[in-house]
Amino acid sequence: MVILKEDGVFVLTGQVIPDFNVSTLDSTVFFKSDRTADKINNTVIALSSNQGLVQVTEKSVQIISRRIDDVIQPLLSFPLLLSTGQAFGYESGRLYYLSINTFSSVLQRDPQTYLYNVLNNTFTETDKTFRQMVIGPDDNSTPIVTGK
């Protein structure tokens with residue numbers, strides 16, 4: 001189990017309770033909100049409060065938002081943005097969606113949703129945002145994302 005906390009990234013291992021062990025995976029990456037974390041492609045992707053978007057496996061933490069640092073880094077200085085952002089992983093589409101709905105009031109910019117493709121490590125963005133997400137039981141339907 002991967003554990004994202006305000007003081008780092010941790011991994012819980014073990015088969016039965018007496019054998020459980022928690023170890024530190026990375027003590028330099030911090031998290032303020034669990035609403036931007038989701039699993040996709042056997043990893044967890046989340047918005048870190050100090051590093052940007054990170055992809056976590058049971059063995060490593062990688063910063064994946066370097067290509068869009070000019071967009072992501074300004075967000076990290078606004079705790080409200082970190083706590084109001086929402087995300088979800090869409091396994092069939094191989095996409096991680098990160099929606100930031102408070103741009104207009106804080107940064108004087110329209111709300112945005114950033115999409116990260118886990119297969120080719122690319123980002124795209126759209127002005128369609130979401131407050132909740134519904135994906136079919138077989139994870140093969142198109143996600144419903146509402147626009148402004």
Condition set open to solvent by less than 50 Å² (accessible area, probe 1.4 Å), part of a loop (DSSP other than H, G, I, E, B) and touching a Gly at 6+ places or on another chain (Cβ under 7 Å), scope the range 4-54, selection modelled with the lowest pLDDT: answer is Ser33
In the set Gln73, Gln51, Gln15, which member is free of Cβ contacts under 8 Å to residues at least 12 places away in the same chain and over 15 Å from Tyr96 (Cβ atoms)? Gln15
For the range 65-74 the number of residues that are of a type in the set (A, V, I, L, M, F, W, C) and surrounded by fewer than 20 Cβ atoms within 10 Å (Cβ to Cβ) is 2
Could you please let me know if Ile40 is β-branched (Val, Ile, Thr) and either farther than 21 Å from Asp7 by Cβ or touching a residue at least 40 places away in the same chain (Cβ under 8 Å) (or both)? yes
Does any residue of the range 81-91 turn out to be open to solvent by 20 Å² or more (accessible area, probe 1.4 Å) and assigned to a helix (DSSP H, G or I)? yes
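The values are calculated or read from the model by the stated rules, or taken from the named source; none is laboratory data. What you see is a predicted model, and the numbers here were worked out from it, not measured in a lab. A quick note on method: Cβ atoms are made from the backbone with ideal geometry, for glycine too, and the neighbour counts reach across all protein chains shown. Ligands, DNA and RNA are stripped out before the accessible areas are found, and what is left, the full protein with its side chains, is counted by its heavy atoms. Shrake-Rupley method; radii C 1.70, N 1.55, O 1.52, S 1.80 Å.
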